Amino acid sequence: MIDFYLNGQRQQCADIPPDTSILELLRTHLGHTGTKEGCASGDCGACTVAIGEPDAQGQLIYHNANSCITPAHQLHGCHLVTVEGLSRGDALHPAQSAMVECHGSQCGFCTPGIVMSLFTLFEQQRHTPSPLTQERLEEALGGNLCRCTGYRPIRDAALTMGRQPDTHPLWADDPGLADNVTELRHAPTEVTSSTGHFAAPNDLAGLRELKQQRPNARLVAGATDLWLETTQQLNPLKDLVDVRHVAELNAIEETTDGWWIGAAVTFSRLDPLLASHYPAFHHLMHRFASSQIRNRATMGGNIANASPIGDTPPVLLALDAQVRLDGPGGERTLPLSDFFLDYKKTALAADEFIRDIYLPRPSADHNLKVWKLSKRREDDISAVLGAFAWRLDNGRLRDVRLAFGGMAAIPRRAYKAEIALEGQAVTESAFSAARIALDEEFSPMSDVRGSSDYRRLAAGNLLERLRLMITSESTSSPDNTGAEVALDAYAH
């Protein structure tokens, strides 16, 4: 039974297959067809909906999500808002009226998703008012790819919806809605039926027990990659364990030397920590998929996926991150560099799961730079991603860590290139030796995102870019402005 609220009305859906998406539930089971399917892979944003979940104070906080790749069972104890639930009779919601007034509406496939992204932005502004900068607009709308009317009308709608008549939906008048939604979250969510099995344990003990009983069950958190198995490959997912409610996997524990980040913590929740302590990592998050994905995706999932082109593993490798595994046999901790074994193969045993990831606290003289190369600036997968960490000690490089994605079957550190740079001054000869070592230790594959030759050349050029940047920043010449030699905002 999926027990949730849809546009203010309680819904109880029984015997729903585990691999049903929110989009399929809406259109096929509930007859709500305003939400459209575009790509069925979380790229286009046509299927965007808003999901409200109670915060610590019991207030419903809304985030946008791609309904095509979000499991319907994860709606249990939530308030789902779709494009049908925004207007008040014939009076449009500010997000809708602004789109009409600014001529931003376009075909019926993409407009509902754009409106829902604007709705969540409107809700964020209502709770925490702040300037709508270009960066915030890109963050809010970067996951809605269709722009038939051009960018400006939609941007104008975002900027002016706060000046529209404050028409709120009828469900927003219900003072008991948040409490009613919260009450549903206390109910058990384990369903076994003719269509499969879905379970959502609340604590570590429950998850361990389920892994012992069902070692072949697939773990799901954000589902931003797992769900493509059913939407793109048409493979059934009949035995799922949802880890999003496991308290221990949702914790961020600060220690003297760093942070333990629960495997189910979303990237959106991580944003303040990364902004404060790892600005280069935080910068990468603006190019990590879309807000719809970051609201659901987790660092644990990005690691467990073991993709050679995942964005976060190279950065974590450069930061000497550790990963703690858990299961019925107890817990164990290992360096992240020992976790990836081969393409899509990891050190996880069949009954184990990732509990959390350890990020060491950076020292005052620690440096980190991350550059991502992709065909599209926003919402795209890397062709090559380089993450570089180092210290400068009397002009010499120390604690050098060079990690790459897209250069091997796994995310990997460039150990030979690191050795070539460790203890060396920042000179052309030292970096030339590092590029030669890099070229010798990687043999990347060719695919639609780039040829092997391109990737080798690009990775070497990123090392040269690093040298030029360090040289520029350390030069005491009055001609040095401190600006990077290459654009830092985005690596095209």
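The values are calculated or read from the model by the stated rules, or taken from the named source; none is laboratory data. Since this is a predicted model, take the numbers as computed values, not measurements. Using ideal geometry, Cβ is built from the backbone for each residue, glycine included, and neighbour counts are taken over all protein chains shown. Note: accessible area is taken over every heavy atom of the protein model, side chains too, but ligands, DNA and RNA are not part of it. Shrake-Rupley method; radii C 1.70, N 1.55, O 1.52, S 1.80 Å.
Observations on the structure shown:
- Scan of the stretch 12-42 for residues that are out of contact with any Leu (no Cβ under 7 Å at 6 or more places or on another chain), farther than 15 Å from residue 189 by Cα and open to solvent by less than 40 Å² (accessible area, probe 1.4 Å), ordered by number: 20, 21, 23, 25, 26, 34, 40, 42
- Of the set (1) charged (D, E, K, R); (2) within 22 Å of residue 259 (Cβ to Cβ); (3) buried (at least 16 other Cβ atoms within 10 Å of the Cβ), all apply to residue 391 but (3).
- Residue tally, condition open to solvent by 40 Å² or more (accessible area, probe 1.4 Å) and either at pLDDT below 95 or within 20 Å of the chain's Cα centre (by Cα) (or both), over the stretch 254-263: 1
- The sole residue among 159, 141 that is buried (at least 19 other Cβ atoms within 10 Å of the Cβ) and hydrophobic (A, V, I, L, M, F, W, C) is 141.
- Search result, residues across the stretch 247-269 that are out of contact with any Leu (no Cβ under 7 Å at 6 or more places or on another chain), within 22 Å of residue 202 (Cβ to Cβ) and part of a helix (DSSP H, G or I): 247, 249, 250, 268, 269
- The single condition from (1) in a helix (DSSP H, G or I); (2) open to solvent by less than 30 Å² (accessible area, probe 1.4 Å); (3) out of contact with any Cys (no Cβ under 8 Å at 6 or more places or on another chain); (4) in contact (Cβ under 8 Å) with a residue 40 or more places away in the chain that residue 210 fails is (4).
- Matching option when the condition is aliphatic (A, V, I, L, M), in a helix (DSSP H, G or I) and either at pLDDT 95 or above or surrounded by 15 or more Cβ atoms within 10 Å (Cβ to Cβ) (or both), among 470, 410: 470
- Here residue 216 qualifies as touching a strand residue (DSSP E or B) at 6+ places or on another chain (Cβ under 8 Å), open to solvent by 20 Å² or more (accessible area, probe 1.4 Å) and either closer than 20 Å to residue 329 by Cβ or aliphatic (A, V, I, L, M) (or both).
- Taking the criterion of being open to solvent by less than 40 Å² (accessible area, probe 1.4 Å), more than 21 Å from residue 383 (Cβ to Cβ) and either part of a helix (DSSP H, G or I) or not assigned by the TED database to the domain that holds residue 391 (or both), the residues of the stretch 413-433 that qualify are 418, 420, 421, 430, 431.
- The residues on offer are 179, 174, 239, and the sole one that is of a type in the set (Asp, Glu) and within 22 Å of residue 20 (Cβ to Cβ) is 239.
- Just so you know, in the stretch 174-202 the residues that are farther than 22 Å from residue 52 by Cα and in a loop (DSSP other than H, G, I, E, B) include one that is modelled with the lowest pLDDT, and it is 194.
- Filter result (within 22 Å of residue 173 (Cβ to Cβ) and modelled with pLDDT under 95) within the stretch 89-122: 89, 90
- Test set (1) surrounded by 17 or more Cβ atoms within 10 Å (Cβ to Cβ); (2) of a type outside the set (A, V, I, L, M); (3) in contact with a Gly (Cβ under 7 Å, 6 or more places away or on another chain) - residue 67 fails condition number: (3)
- Qualifying residue in the stretch 324-345 (condition: open to solvent by 30 Å² or more (accessible area, probe 1.4 Å), over 26 Å from residue 466 (Cα atoms), among the hydroxyl-bearing types (Ser, Thr, Tyr) and in contact (Cβ under 8 Å) with a residue 12 or more places away in the chain): yes
- Residues of the stretch 368-388 classified as open to solvent by less than 40 Å² (accessible area, probe 1.4 Å), assigned to a loop (DSSP other than H, G, I, E, B) and either among the hydrophobic types (A, V, I, L, M, F, W, C) or more than 30 Å from residue 44 (Cβ to Cβ) (or both), total: 1
- Matching residues, the stretch 287-302, being open to solvent by 10 Å² or more (accessible area, probe 1.4 Å) and assigned to a loop (DSSP other than H, G, I, E, B): 287, 288, 289, 295, 296
- Of all the residues in the stretch 77-96, those that are open to solvent by 20 Å² or more (accessible area, probe 1.4 Å) and at negative phi number 8.
- Residue satisfying all of: in the stretch 214-233; in contact with a Ser or Thr (Cβ under 8 Å, 6 or more places away or on another chain) and in a loop (DSSP other than H, G, I, E, B); nearest to residue 37 (Cα to Cα) among these: 232
- Flag for residue 348 being part of a strand (DSSP E or B) and either in the same structural domain as residue 46 (by the TED database) or open to solvent by 10 Å² or more (accessible area, probe 1.4 Å) (or both): no
- Sole residue being surrounded by 20 or more Cβ atoms within 10 Å (Cβ to Cβ) and part of a strand (DSSP E or B), chosen from 459, 403: 403
Okay, residues lined up against (1) of a type in the set (D, E, K, R); (2) part of a loop (DSSP other than H, G, I, E, B); (3) in the same structural domain as residue 6 (by the TED database):
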| site | (1), (2), (3) |
| --- | --- |
| 135 | yes, no, yes |
| 138 | yes, no, yes |
| 149 | no, yes, yes |
| 155 | yes, no, yes |
| 165 | no, yes, yes |
| 172 | no, no, yes |
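- Filtered residue count, the stretch 308-337, keeping only those that are within 19 Å of residue 361 (Cβ to Cβ) and part of a strand (DSSP E or B): 5
- Extreme residue, modelled with the lowest pLDDT, among residues of the stretch 473-492 that are under 27 Å from the mean Cα position of the chain (by Cα) and surrounded by fewer than 18 Cβ atoms within 10 Å (Cβ to Cβ): 492
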